[in-house]
1. Once a ≥ b ≥ c are taken as the square roots of the eigenvalues of the Cα gyration tensor of the stretch 82-149, is the result rounded (a/c under 1.5), prolate (a/b larger than b/c) or oblate (a/b not larger than b/c)?
2. Using only Cα atoms and rounding to the nearest 10 degrees, what angle (0 to 90) does helix 119-148 make with the longest principal axis of the chain?
3. Apply the Kirkwood formula to the stretch 1-79: the hydrodynamic radius equals the inverse of the mean of 1/r over all pairs of different alpha-carbon atoms; give it in Å with one decimal.
4. By how many nm would the segment from S142 to I93 grow when fully extended, if each residue of separation counts as 0.36 nm and the alpha-carbon distance is taken off?
5. Could you tell me how many degrees, from 0 to 90 and to the nearest 10, lie between the Cα long axis of helix 45-73 and the main elongation axis, the longest principal axis, of the Cα atoms of the chain?
6. What percent does the relative contact order of the chain come to when contacts are Cα pairs within less than 8 Å and at least six residues apart?
7. Just the number, please: Stokes-Einstein D of the chain in µm²/s, Kirkwood Rh from C-alpha pairs, 37 °C, 0.692 mPa s.
8. Roughly how many debye, to the nearest 20, is the charge dipole of the stretch 82-149 about its Cα centre, given +1 on each Lys and Arg Cβ, -1 on each Asp and Glu Cβ, and no other charges?
Amino acid sequence: MTAKGGGIQLFGWLCLIAGYGLGLVLIRGIFLGVTRGFGADPSQVFWIVLGYLLFFSLALYVVIVGRRAVSLGRGKPKPKARFGWGRMLFGAILLYGSAVDRFHLIPARSVRHLEPANRTEAISMKITAILIACGCLSLIGSGIWRGFRPRSASLPIHI
């Protein structure tokens, strides 16, 4: 095994451990959420469950990246993913975080939300939120587009 293959395999094992660790944290969060009733407001349950699903998707993605890296380090690469799952997941997480922060969907007990001091700050905060949402939607769209674009039969070029 080469040093590069060993490094890739080590990265894969670290990703697997991180993914399973995220999964255990998610199980703990679900257990605490169920036992405590997900908060006082029933309208927040949807947003909390959506957050849990995004967290589960992140943990699953890290595990899949780890498995691919381990198999690549062993010299048995798996076929590439058809869609850009990493882009779509990253865009969805940022969009979810922006929506929760902007609309105060889940109350934050220890974090104070930013409040504009004047009209100019209010407008700039709205423009920033719109740009972040557009960027997130473009990330999600590019990940979806990657799955639907035609594949070209590329031949390996030997120099």
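1. Since a/c reaches 1.5 but b/c is at least a/b, the shape of the stretch 82-149 is classed as oblate.
2. It works out to around 30 degrees.
3. Radius from the Kirkwood sum: 14.1 Å.
4. 16.1 nm is the gain from fully extending S142 to I93.
5. 20 degrees
6. Result for the chain is 29 percent.
7. 174 µm²/s
8. 280 debye
FYI, it's all coordinate maths here, none of it is from the lab. None of the values given here were measured: they were computed from a predicted structure. All Cβ positions, even for glycine, are placed from backbone atoms using ideal geometry, and neighbour counts span all protein chains on display.
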